[in-house]
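K.L.:
I'd like to ask some things about the structure below.
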Amino acid sequence: MRRNEQSFGLVSDTTMNTICAYPVNVDAVCNIREEEISHLIPSSRAANMKIELKESIGSREDLLSSLLFCMQQGSGAEILIQSQVVARQIEESFSWQFRLGGNAGIMANVLAALGAKPVLNAPALGPRLAGMLHAGVSVPVSGMLMEPGRAAGELEVDQERDQDAETEMEHFVFQFKKGDAIHIGQSRITAPGDNRFIATYDPVNTRLLSSKHFDSYCLENIRDFDGALLSGFHLAPFKEYREIFPQKIAQIKSWKDKNPQIFIHAEMGSFQSPEIMQSLLLLLSRIPIDSLGLNEDELAAAEGSLPARWQETMRAAERLRESLGLFRVAVHTRDYILSVMLQGKITPEEELSVLQSGADAAAALAATGFVTGEPPEDLNPVGLEAKEVFCSNGATASGRGAFLLSGDEIISLMPSLLAKKPRFTVGLGDTATAAVFFRELRAIREDRI
């Protein structure tokens, strides 16, 4: 068995049926080049240009200001574009490569590659988007599950009659790497780390629309599903989230009510406002969901401040899990993956193996462009140092990671792998989340038998 097969658990005796919702789209990806950015900034305006993260993008200048801010900080963000006119202007200003985007779409592809049977919500599915989806991903149409290409053909007629249907949605993704530099007048901005900035105009996914075929199929067959992987809530606009969230929460709760055994993981994102995220977390805890995933920036939005060290991240995750009454909270960063969960469903060693699969999957994608590629061998030095300090404070080393039993909780830490020349910086968190979800769901299900 190859290293990758053993790590990801590609060989499985039984298939897991999973729901993936809500966003799927086409990503238009631009690898930052100085000449493309510099010629868009007139020299007469460069000296007075404000570099800051905008609340929304109403012009190309807003885009450049936000992009340069993220490069300067080495941080990631996703911000909504105000109009289709501005979106078209951005599209015409850069050269693009197209690939699958949307949290649910990316995670469905990973799950299918690992051997699960994901059922995907795809309310705006065209031939190009369908061609980017794994053949093992299923899309419901008229009570039946179809492979993406066939589903796109069948849905074309429905979309012509459906006023809410749109053409395939595109998100503009700007990737930058550590050391990338842009000159603005006399100033020079150099990225301290790899990351990405996303500008989105998407009236389908920002409303978290779901296909009527998806809605009816999931509700009628919910007892056949082992798990649900939910994401995209961060796309809801500030003016509309109070209307959007209750509708989605009602749908998810109906699944849990009909199938209490279904394992539900909700993945966060870059919200327009901490207020939106706080509102969502309270609603999700009432379903209740089982597991919550987020990165360090999203954890800061939930906590009100950015954890400076991994110990603070761990304590923040503990507080969040306890306050929401969840089984599990996981935090994925570029340096490590950390989880805090209640004892009883899986063992600490199983959880570390689960987290390792996520670290391997993300590193393989970054290094090779494929989730099933060979992951690099070098450990992230910051994550490795965190593990060593964790062990010196009483944690037990196991494989590449370490765990600590604390009261009724299991705290686990797994260092990331280091992709020295990453091919991708987009979708790494979604990839890690999906791989972890796959292995965790399988471990929980096997422990029930």
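K.L.:
Quick one: length gained pulling Q343 to V382 fully straight, 0.36 nm per residue minus the C-alpha distance? Working shown, then result.
P.N.:
Working: separation 39, 0.36 × 39 = 14.04 nm, distance 2.75 nm.
Computed gain between Q343 and V382 is 11.3 nm.
K.L.:
Here's another thing I want to ask about it. Of S357, G369, T333, whose Cα points farthest to the positive end of the dipole of the range 293-426 (charges on the beta-carbon: +1 Lys, Arg; -1 Asp, Glu; origin at the Cα centre)?
P.N.:
G369
K.L.:
Once you order the gyration tensor axes a ≥ b ≥ c over the Cα atoms, which shape class does the range 340-449 get: rounded for a/c under 1.5, otherwise prolate or oblate by comparing a/b with b/c?
P.N.:
Details: a/c = 2.69, a/b = 1.33, b/c = 2.02.
Oblate, since a/c reaches 1.5 and b/c is not below a/b.
K.L.:
For the chain, with all protein chains present and a 1.4 Å probe, just round the carbon and sulfur fraction of the accessible area to a whole percent.
P.N.:
Numbers: 8920 of 18640 Å².
About 48 percent, which is the carbon plus sulfur part of the accessible surface.
K.L.:
Residue farthest toward the positive end of the dipole of the chain, with Cβ of Lys/Arg at +1 and Asp/Glu at -1: which of G394, M49, S416?
P.N.:
Looking along the dipole axis, the top candidate is G394.
K.L.:
Keeping all protein chains in place, calculate the accessible area per residue for the chain (probe 1.4 angstrom), answer in Å². Walk me through the numbers before you get to the answer.
P.N.:
Values: 18640 Å² over 449 residues.
Result: 42 Å² per residue.
K.L.:
So what's the net charge close to L283: Lys and Arg +1, Asp and Glu -1, counting the other residues with Cβ under 12 Å from its Cβ?
P.N.:
Numbers: positive: R242, K248, K253, R286; negative: none.
Local net charge: +4.
K.L.:
Out of the range 236-306, which chymotrypsin sites (Phe, Trp or Tyr not before Pro) are coil in DSSP terms and have no more than 16 other C-beta atoms within 10 Å? Don't skip to the answer; put the middle values down first.
P.N.:
On the way: sites: F238, Y241, W255, F263, F271; in loops: F238, F271.
In loop regions of the range 236-306 (DSSP not H, G, I, E or B), the sparsely surrounded chymotrypsin sites (Phe, Trp or Tyr not before Pro) are F238.
K.L.:
Taking only C-alpha pairs under 8 Å that are 6+ residues apart, what is the relative contact order of the chain in percent? Mind dumping the intermediate values first?
P.N.:
Numbers: 913 pairs, mean separation 74.8, N = 449.
17 percent.
K.L.:
On to the next question. When the gyration tensor of the range 182-275 is built from Cα positions, what are the square roots of 5 times its three eigenvalues, in whole Å, from largest to smallest? Don't skip to the answer; put the middle values down first.
P.N.:
Values: eigenvalues 265, 49, 28 Å².
Semi-axis lengths for the range 182-275 are 36, 16, 12 Å.
K.L.:
Further, regarding this structure: What's the center-to-center distance, using Cα atoms, between the range 58-112 and the range 222-296 in Å?
P.N.:
For the range 58-112 versus the range 222-296, the Cα centre distance is 23 Å.
K.L.:
To the nearest 20 Debye, how big is the dipole of the chain about its Cα centre, given +1 on the beta carbon of each Lys and Arg and -1 on that of each Asp and Glu?
P.N.:
300 debye
K.L.:
At 0.36 nm per residue, and after removing the present C-alpha to C-alpha distance, how many nm does the segment from R99 to T190 gain when stretched out fully? Intermediate results must be reported in sequence, preceding the final value.
P.N.:
Values: separation 91, 0.36 × 91 = 32.76 nm, distance 2.66 nm.
Between R99 and T190, full extension yields an extra 30.1 nm.
K.L.:
If you place +1 on the Cβ of every Lys and Arg and -1 on the Cβ of every Asp and Glu, how big does the dipole about the Cα centre of the range 240-304 come out, in debye to the nearest 20?
P.N.:
Values: 6 positive and 10 negative charges, 101 e Å.
The calculation lands at about 480 debye.
K.L.:
Sticking with this one: Anything over 27 Å Cα to Cα? Flag those among K117/K387; K387/K421; K178/K239; K117/K253, in the order listed.
P.N.:
Values: K117/K387 34 Å; K387/K421 24 Å; K178/K239 35 Å; K117/K253 22 Å.
Checking Cα-Cα distances, K117/K387; K178/K239 exceed 27 Å.
K.L.:
Next up: Could you order D62, D257 by accessible surface area, starting with the largest, using a probe radius of 1.4 Å?
P.N.:
Values: D62 35, D257 95 Å².
Of D62, D257, the descending order of accessible area is D257, D62.
The values are calculated or read from the model by the stated rules, or taken from the named source; none is laboratory data. None of these values were measured; they are calculated from a predicted model. When we count neighbours, we look across all protein chains shown, and the Cβ atoms used for this are built from the backbone with ideal geometry, even at glycine. Protein only, heavy atoms only, side chains kept; ligands, DNA and RNA dropped before computing areas. Shrake-Rupley method; radii C 1.70, N 1.55, O 1.52, S 1.80 Å.
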